[in-house]
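Student: Sending over a structure as structure tokens; questions will come in a sec.
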């Protein structure tokens, strides 16, 4: 223990107050500054490991925006990060810590694929049938993701179970069971890899602008539309005010007539619905079938960093996702086109996450512990 | 005490600014040895800032501090403590999960062979407690979180004494205490003075200051208005110095007579969170044009009763009616929409979202009420207009709707809450401690508004631990003790002593009741807390939930 607890506390208090009081511009500045600083440190690490940092930097740029292919790959990841980031942001804003986006997206994804596969025999072939099935798949994913997230919501609201623990455990359950099903009953006899049947012809999002088979501007549009709906819902509706107020100060929300239990369940459900969409977009736009969920990228977890970087603001999630999408995209490029080992790339992404997300994390911690609070 | 001895503390021309705000403007202050000196002023007048300068928390921009005649400068509270100055903050600085003993010795542990010598510490603390008649040594092994606020405060005082403080600063020490605990504290201060300590006592409550202090320094807007001897001044004079204008303690005579019952309960019983019956078979009626006062020592079931009235809790038995319609199971939101407004007990936690600006706070509680919300969609321009109206009508400072709620002083926060709650034309107002921690100017304002609302036809339930407030506002006072209404009395014809007895659970004898006729003038006199001192303190926890 410090022999000077009062002073340590004061110093902490000042730092916390500074962070809590930062204006929007300052926070954007902090985010941009820390990203730049993190990349710089990353280059130093690369140089220290004996690689050419300039070449590495060049590869990063080339790998994210250097070609049409790289650019659409960046946008593809960005789309997933936007949806997953919004799912996390919705919950965090309401003071509910949904760490289960990964599990919810797996459940949403498999629900999407299964509903399409089951209904396909009853639907005429062709573009109209395909579009119809696509919509059904998206809808099924939203419902399944929402229900899967409502479960920890109910457990928290009515039985006091900590949502951080239950959502993490439900991640394992979703990944385990879906993994078994995809490798077992759902795996076609002729499949060489662990996967479901292919989605029928015509199901999917047409790429329209770019000729990348794994990216559609419609997918990105869907993600941006979700951002818009959530942002408007949070700021301009009674329900959004209830939710955000619960996140800021649950006692005041309750006194103002908010039913805290229902709000927790509703928040988790909404968060899970958006998470379910991530799985659907992954299955429909990128894969065309569903794979072993342990092989799906950790979008649900990275989304926590995306959301923190965006200060849990759904609109802020868009630029944050662009950054993460670009890093993810250039990571896969550097892995192939340079001798920098993949672990190092992950490490650098880690530094970026640490730098950009840490200030926001401290803000949330400071709020929870009351540092930098109501002193005048 | 000799005339030549230097004062315990002398502050000369202390100036302290925060940005453009001058919190202290060349303030002089002189604390005589072995005296109790009150620092009186409204919220935001600079009392706490001045003391934080003395305690080394802030560094003054100009001016000097003398302790025992020596000029001193303190870089930190540690320096101030070394000079024998201790401060008990409004928000206690105790580690709640740790025991009283651990808290007292924290940072000054007696060490024996590298280990904390708990026995030595215990002995020393017990000696201290015996000397001053503290009861703190009964709880040495109890975690602080299990103690009531009054006991925690005494732990803080013992902690300061243990560190060798000769001069004690108490910042609003009575804000968190019940009337009985206040009385105990004031006795304790006397005791400390008698043992040679000098005390500074920050307050904005006139009665207390008059009862406890030898000398009173009044601060207003960062200036020291005057220093007077308590014996030579009056409530009226102090209030004028504090506010800067005449303050009326007279209430206008009521014009309207009570009308139809608006809110009623029928044999309401509530089993509390710990399985104990907190409210038993309460029948309550509030009429239009009426203020019903509920008196009682905190922790006698008022909180649970309030929750059943506002809709935050479903009672275990009994019914609640609004204008004759049963609403027992109706939740807070529907009750709010039906016209039951409420001023919360805890304005910081429940009344305002500290991080929100005043516009967003103006929506709190109104988020489903037209015109601020239509079919679930919010109309922020209507909310903003509402916020501006509240600010103007209730004289909220600063008059800036974009100010963060947490940055306002307590009085202004409370005015804003009162303004918001009565903004959508309710039929019933549940007002829990509407002026707790509020300065005199705001208090007068809120009282006047409540009386106006009564004239306009509201039925008001007023829960307060301040007898003078109940007396000034209520048409009827019911006394709540251990969950039941044990008596209903007339606010004018009942003395504080009698109310105190009732609050302690003793029903008034027939005889005593007859006597009250002769004592009807007592209403204007200062509270006589003698009787209240007999009220047994309810053991902790209850009020800390």
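The values are calculated or read from the model by the stated rules, or taken from the named source; none is laboratory data. Since the structure is predicted, the reported quantities are computational estimates derived from the model, not experimental observations. With ideal geometry, Cβ positions are generated from the backbone for all residues, glycine too; neighbour counts draw on all protein chains shown.
Student: Residues to consider are B:419, B:411; find the one that is surrounded by 17 or more Cβ atoms within 10 Å (Cβ to Cβ), modelled with pLDDT under 90, assigned to a helix (DSSP H, G or I) and in contact with a helix residue (DSSP H, G or I) (Cβ under 7 Å, 6 or more places away or on another chain).
Tutor: B:411
Student: Further, regarding this structure: Would you mind stating whether residue B:193 is outside any strand (DSSP E or B) and modelled with pLDDT under 85?
Tutor: No: the conditions fail for residue B:193.
Student: Which of the helices (runs of 4 or more DSSP H) found entirely inside region B:41-135 contain at least 3 residues meeting this: closer than 30 Å to residue B:181 by Cβ and in contact with a strand residue (DSSP E or B) (Cβ under 6 Å, 6 or more places away or on another chain)?
Tutor: Hits in region B:41-135: B:47-54.
Student: Would you be able to tell me the number of residues in region A:251-270 that are at the interface with another protein chain (Cβ under 9 Å from one of its Cβ atoms) and assigned to a helix (DSSP H, G or I)?
Tutor: Restricting attention to region A:251-270, the residues satisfying the condition of being at the interface with another protein chain (Cβ under 9 Å from one of its Cβ atoms) are A:251-259.
From the residues that got through so far, the ones that are assigned to a helix (DSSP H, G or I) too are A:251-255.
Summing the residues that are at the interface with another protein chain (Cβ under 9 Å from one of its Cβ atoms) and assigned to a helix (DSSP H, G or I) in region A:251-270 gives 5.
Student: Can you say whether residue B:210 is over 22 Å from residue B:444 (Cβ atoms) and outside any loop (DSSP other than H, G, I, E, B), as far as the supplied structure shows?
Tutor: So residue B:210 does not fit the description; no.
Student: I'd like the full set of residues that are within 7 Å of another protein chain (Cβ to nearest Cβ) and not in a helix (DSSP H, G or I), limited to region B:331-355.
Tutor: Selection gives B:331, B:344, B:352, B:353, B:354, B:355.
Student: For the structure I just gave you, tell me whether residue A:229 is at pLDDT 95 or above and either within 14 Å of chain B (Cβ to nearest Cβ) or touching a helix residue (DSSP H, G or I) at 6+ places or on another chain (Cβ under 7 Å) (or both).
Tutor: Spelling it out, residue A:229 is indeed at pLDDT 95 or above and either within 14 Å of chain B (Cβ to nearest Cβ) or touching a helix residue (DSSP H, G or I) at 6+ places or on another chain (Cβ under 7 Å) (or both).
Student: Looking at region A:287-319, which of its residues are at pLDDT 90 or above, farther than 23 Å from residue A:168 by Cα and not in a loop (DSSP other than H, G, I, E, B)?
Tutor: Of everything in region A:287-319, those that are at pLDDT 90 or above, farther than 23 Å from residue A:168 by Cα and not in a loop (DSSP other than H, G, I, E, B) turn out to be A:318, A:319.
Student: Looking at region B:141-157, is at least one residue at positive phi and surrounded by fewer than 19 Cβ atoms within 10 Å (Cβ to Cβ)?
Tutor: Step one: list which residues in region B:141-157 are at positive phi, which gives none.
No: zero hits.
Student: Residues that are facing chain A (nearest Cβ under 9 Å) and closer than 21 Å to residue B:275 by Cα: does region B:311-322 have at least one?
Tutor: Yes, region B:311-322 contains a residue that is facing chain A (nearest Cβ under 9 Å) and closer than 21 Å to residue B:275 by Cα.
Student: Are any residues in region A:232-250 more than 7 Å from chain B (Cβ to nearest Cβ) and under 11 Å from residue B:378 (Cβ atoms), and if so, which ones? Write out each step before concluding.
Tutor: Of region A:232-250, the ones more than 7 Å from chain B (Cβ to nearest Cβ) are A:232-235, A:240, A:243-244, A:246-247, A:250.
Answer for region A:232-250, where residues must be more than 7 Å from chain B (Cβ to nearest Cβ) and under 11 Å from residue B:378 (Cβ atoms): A:232, A:233, A:234, A:235, A:240.
Student: Let me confirm something: among B:359, B:438, B:369, which residue is in contact (Cβ under 8 Å) with a residue 40 or more places away in the chain and in the same structural domain as residue B:467 (by TED's automatic domain parsing)? Give the derivation first.
Tutor: On the way: B:359 fails: in the same structural domain as residue B:467 (by TED's automatic domain parsing); B:369 fails: in the same structural domain as residue B:467 (by TED's automatic domain parsing).
Sole residue among the options that is in contact (Cβ under 8 Å) with a residue 40 or more places away in the chain and in the same structural domain as residue B:467 (by TED's automatic domain parsing): B:438.
Student: Only one residue in A:78, A:8, A:72, A:35 is at pLDDT 95 or above and either within 14 Å of chain B (Cβ to nearest Cβ) or within 26 Å of the chain's Cα centre (by Cα) (or both). Which one?
Tutor: A:78
Student: Give B:197, B:220, B:215 a once-over and let me know the one that is surrounded by fewer than 22 Cβ atoms within 10 Å (Cβ to Cβ) and farther than 14 Å from residue B:47 by Cβ.
Tutor: Checking each option against the conditions leaves just B:215.
Student: I would also like to ask the following. Being more than 25 Å from the chain's Cα centre (by Cα) and not in a helix (DSSP H, G or I) is the filter here; which residues of region B:136-162 pass it?
Tutor: Scanning region B:136-162 gives B:140, B:141, B:142.
Student: Would you mind telling me which numbered condition in (1) buried (at least 16 other Cβ atoms within 10 Å of the Cβ); (2) in contact with a helix residue (DSSP H, G or I) (Cβ under 8 Å, 6 or more places away or on another chain); (3) more than 9 Å from chain A (Cβ to nearest Cβ); (4) not in a strand (DSSP E or B) residue B:429 fails?
Tutor: (4)
Student: Checking the structure you have, find out if any residue of region A:355-364 is at pLDDT below 90, out of contact with any strand residue (DSSP E or B) (no Cβ under 9 Å at 6 or more places or on another chain), within 14 Å of another protein chain (Cβ to nearest Cβ) and farther than 30 Å from residue A:114 by Cβ.
Tutor: Yes, the conditions are met somewhere in region A:355-364.
Student: Can you name every residue in region B:442-477 that is more than 21 Å from the chain's Cα centre (by Cα) and closer than 30 Å to residue B:271 by Cα?
Tutor: B:458, B:459, B:475, B:476
Student: I've got another one for you. Can you tell me which residues in region A:118-174 are over 19 Å from the mean Cα position of the chain (by Cα) and under 16 Å from residue A:265 (Cβ atoms)?
Tutor: Matches in region A:118-174: A:151, A:154, A:155, A:156, A:157, A:158, A:159, A:160, A:161, A:162.
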